[in-house]
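**Student:** This is the structure, below, for whatever I ask next.
The values are calculated or read from the model by the stated rules, or taken from the named source; none is laboratory data. Not measured: the values here are computed from a predicted model. Cβ coordinates were reconstructed from backbone atoms using ideal geometry, including for glycine residues, and neighbour counts include every protein chain displayed. Note: accessible area is taken over every heavy atom of the protein model, side chains too, but ligands, DNA and RNA are not part of it. Shrake-Rupley method; radii C 1.70, N 1.55, O 1.52, S 1.80 Å.
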Amino acid sequence: MKRLILIAEFSAIVLAWTIAVPARAYEAGAVAGGGKIDGKVVFNDAVPTRKVIPNKDVEVCGGIRDEPLIEVGPDKGVQNAVVYLVEVAKGKAWPAAGKTPELDNRKCRFEPEVQVIRAGPLDVVNDDPILHNTHGYYGKRTAFNMALPNQGQRIPTELTRAGTVRIDCDAHGWMEGWIYVVDNPYYAITSADGKFTITDVPPGNYSLVAIHSFTGPLQQSVTVAAGKPTNLTIELKKQ
Ligand SMILES: [Cu+2]
């Protein structure tokens, strides 16, 4: 009986300790013999479009038009897909901290439409002479929500945890943008030809995610060897 009680007490202590310890933070340092991942993200199916019908502020926002739901080049490369490694405990340093990342409202579009940032500050800017109401969500939960009635207005906010943040405008229902908040510096955004490079990866096995707002995420294993490139072609499909 006494032993059982002891075990129970011990379990309670272990449980309390487990809860109190936060997830391990990324540890930045020098990378010896790092490899790199060279890849291309492709979409081989027909490109769907949506009809955008601005119902106000058309002098700034433009008129009715069809827009592709995924930007695919002539060689099937996908622009603005985000690729990142998950659960990397340690590796290269973060890029030098420069200007605070910005999300601009410009001609009723988010500029950039897709970006990757480290958890931390973000400035939301209105370049237009009309009201925007910029609203960011982690899933269904509001991350920030702000009215920007004036041209040139800049409001600082913060995205404090890793995850995908969808950006809407409560004044213009068709506006949409994406911010991917990462917890390690191993990420890339594909260029117009669908290509990306992730450098200085410590040799080893990783889980890599490629994600686009239209297709959703695709996760796969990747092995990186010292001092040489790993080549990948990643085909996104509508899920
Ligand atoms: Cu707007």
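**Student:** Name the pairs whose Cβ atoms lie under 6 Å apart, with the first residue in the stretch 85-109 and hydroxyl-bearing (Ser, Thr, Tyr), the second away from the ligand (no atom under 16 Å from the Cβ), and 6 or more positions between them or separate chains?
**Tutor:** Taking only residues 6 or more apart or on different chains, the pairs are THR100/PRO121; THR100/ASP123.
**Student:** Test of understanding: among ILE70, ILE130, which residue is touching a helix residue (DSSP H, G or I) at 6+ places or on another chain (Cβ under 6 Å), at pLDDT 95 or above and not aromatic (Phe, Trp, Tyr)?
**Tutor:** ILE130 is the lone residue from the list that is touching a helix residue (DSSP H, G or I) at 6+ places or on another chain (Cβ under 6 Å), at pLDDT 95 or above and not aromatic (Phe, Trp, Tyr).
**Student:** Are any residues in the stretch 30-50 part of a loop (DSSP other than H, G, I, E, B), open to solvent by 40 Å² or more (accessible area, probe 1.4 Å) and over 19 Å from ASN80 (Cβ atoms), and if so, which ones?
**Tutor:** Residues satisfying the conditions are ALA30, VAL31, ALA32, GLY33.
**Student:** Return only the number of the condition from (1) closer than 26 Å to ALA25 by Cα; (2) within 16 Å of the ligand (Cβ to nearest atom) that HIS172 does not satisfy.
**Tutor:** (1)
**Student:** Taking the criterion of being open to solvent by 50 Å² or more (accessible area, probe 1.4 Å), farther than 11 Å from TYR180 by Cα, in a loop (DSSP other than H, G, I, E, B) and among the charged types (D, E, K, R), would at least one residue in the stretch 161-169 satisfy it?
**Tutor:** No.
**Student:** Follow-up question, since we're still on this one. Filter the stretch 160-169 down to the residues that are touching a Gly at 6+ places or on another chain (Cβ under 7 Å) and more than 16 Å from the ligand (Cβ to nearest atom) and list them by number.
**Tutor:** VAL165
**Student:** Further question: Can you list residue pairs whose Cβ atoms sit under 8 Å apart, with the first residue in the stretch 117-143 being among the aromatic types (Phe, Trp, Tyr) and the second being away from the ligand (no atom under 16 Å from the Cβ)? Count only pairs 6 or more apart in sequence or on different chains.
**Tutor:** Once the first residue is among the aromatic types (Phe, Trp, Tyr) and sits in the stretch 117-143, its partners that are away from the ligand (no atom under 16 Å from the Cβ) give TYR137/ALA143; TYR137/VAL165; TYR138/ARG161; TYR138/GLY163; TYR138/THR164; TYR138/VAL165.
**Student:** Follow-up. Which residues, taken from the stretch 114-151, are within 12 Å of the ligand (Cβ to nearest atom), open to solvent by less than 10 Å² (accessible area, probe 1.4 Å) and not in a loop (DSSP other than H, G, I, E, B)?
**Tutor:** VAL124, ASN126, HIS132, THR134, LEU148
**Student:** Provide a single number: the residues in the stretch 74-84 that are crowded, with 19+ Cβ neighbours inside 10 Å and free of Cβ contacts under 8 Å to residues at least 24 places away in the same chain.
**Tutor:** 0
**Student:** Listed residues GLU59, GLU71; which is within 16 Å of the ligand (Cβ to nearest atom) and open to solvent by 50 Å² or more (accessible area, probe 1.4 Å)?
**Tutor:** Values: GLU71 fails: within 16 Å of the ligand (Cβ to nearest atom).
Result of the check over GLU59, GLU71: GLU59.
**Student:** Which members of the stretch 182-195 meet the condition of being under 18 Å from GLU111 (Cβ atoms) and part of a strand (DSSP E or B)?
**Tutor:** ILE189
**Student:** Scan the stretch 200-217 residue by residue and report those that are open to solvent by less than 60 Å² (accessible area, probe 1.4 Å) and in a strand (DSSP E or B).
**Tutor:** Residues satisfying the conditions are VAL201, GLY204, TYR206, SER207, LEU208, VAL209, ALA210, ILE211, HIS212, GLY216.
**Student:** In the stretch 88-113, which residues are surrounded by 15 or more Cβ atoms within 10 Å (Cβ to Cβ) and part of a loop (DSSP other than H, G, I, E, B)?
**Tutor:** VAL88, LYS92, PRO101, CYS108, PRO112, GLU113
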